[in-house]
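Worksheet: the structure to be examined is printed underneath.
The values are calculated or read from the model by the stated rules, or taken from the named source; none is laboratory data. Please read all numbers here as calculations on a predicted model, not as lab measurements. Cβ coordinates were reconstructed from backbone atoms using ideal geometry, including for glycine residues, and neighbour counts include every protein chain displayed. Heavy atoms of the whole protein, side chains included, go into the accessibility calculation; ligands, DNA and RNA do not. Shrake-Rupley method; radii C 1.70, N 1.55, O 1.52, S 1.80 Å.
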Amino acid sequence: EPEESKRLKKTDAQVMRTGDVTLCKDTLSIAGNRQKHLLTVKSRYVNERGEKFLIGFITDITEIKEREEEISKLNANLLGVMESTHESIYAIDRNFHYIAFNKNHARMSKLIYGTTIAVGMSCIDFLKGSPEYNWLRSELKRARKGEHFISERKIDQPRYSNKYIETAYNPIFDSDHTVTGVAVFVRDITAMKLAQEGINQSNATLKGVVESTNDRIFAVDIQYRYIMFNQAHAKVMRQ
């Protein structure tokens with residue numbers, strides 16, 4: 001292509017004129033509308049007679065470039081998935097340093113702990129002194145050993161009090177099945193826990209009511225199996 005040829009000649013002329021070593025990435029069009037990606041190192045050599053020569057070392061990086069593009073697409077898709085949920089999602093390496101996180105995790109870290117997180121920083125150092133530090137560190141260590149599990153914890157911070165979270169830990173394995181990090185999914189289950197507590201309280205109240213009478217009380221499903229009964233009914237059935 002004329003533009004490619006013009007660009008290459010310009011680089012060659014600059015190296016010959018200045019003597020600077022130049023590292024550049026070039027893209028060349030070849031037959032079939034295909035492209036070759038080249039990494040080129042160019043330098044100038046001057047012999048004892050003062051004659052100047054251009055020396056170039058060319059490496060075909062087409063496959064590397066294609067892999068980089070595939071990785072970029074995968075990362076873009078992953079980011080889209082991470083940002084499409086209300087969960088707090090993050091991933092760390094073996095040293096507990098962030099390698100990725102979504103906006104919701106960054107927002108919650110700022111809201112609860114007043115910390116602006118960044119890729120490369122520790123996910124637990126800013127928790128030191130808080131109740132969450134010890135149990136989170138312990139659970140991340142478990143996951144780092146290759147264990148998948150889910151835990152429930154209560155968070156009681158001034159900026160985020162009386163909240164319940166469910167945390168899912170998923171080890172990240174390489175091709176040799178070695179754990180290289182951990183992906184963590186955190187979900188606010190406060191509403192669910194409060195609803196369950198309400199159900200438990202209602203059940204306790206109902207149990208108190210049915211046990212406060214000498215009348216026989218029981219309930220069965222459509223297959224006539226017991227789903228509940230009071231002691232008065234149980235006493236009669238034992239006789």
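Side notes on the structure shown:
- Filtering the stretch 193-231 to residues that are within 30 Å of Arg153 (Cβ to Cβ) and touching a strand residue (DSSP E or B) at 6+ places or on another chain (Cβ under 8 Å) leaves only Lys193.
- Annotation note: Cβ proximity below 8 Å between a residue of the stretch 208-231 that is on the phi < 0 side of the Ramachandran plot and a residue that is hydroxyl-bearing (Ser, Thr, Tyr) and open to solvent by less than 60 Å² (accessible area, probe 1.4 Å) (sequence gap 6+ or interchain) occurs for Asn230/Thr213.
- Within the stretch 123-139, one or more residues are open to solvent by less than 60 Å² (accessible area, probe 1.4 Å), closer than 23 Å to Ser84 by Cβ and either touching an Asp or Glu at 6+ places or on another chain (Cβ under 9 Å) or assigned to a loop (DSSP other than H, G, I, E, B) (or both).
- Whichever residue in the stretch 158-211 is open to solvent by less than 40 Å² (accessible area, probe 1.4 Å), among the β-branched types (Val, Ile, Thr) and within 31 Å of the chain's Cα centre (by Cα) and, among such residues, is farthest from Asn230 (Cα to Cα): Val179
- Inter-residue pairs, beta-carbon under 7 Å, first more than 18 Å from Gly181 (Cβ to Cβ) and of a type in the set (A, V, I, L, M, F, W, C) and in the stretch 100-117, second open to solvent by 30 Å² or more (accessible area, probe 1.4 Å) and assigned to a loop (DSSP other than H, G, I, E, B), 6+ apart: Leu111/Arg159; Ile112/Arg159
- Among the residues of the stretch 86-122, those identified as of a type outside the set (A, V, I, L, M, F, W, C) and assigned to a loop (DSSP other than H, G, I, E, B) are His86, Glu87, Arg94, Asn95, Asn102, Gly114, Thr115, Thr116, Gly120.
- Looking only at residues of the stretch 213-230 that are open to solvent by less than 100 Å² (accessible area, probe 1.4 Å) and of a type in the set (S, T, N, Q), we find that the one that is modelled with the highest pLDDT is Asn230.
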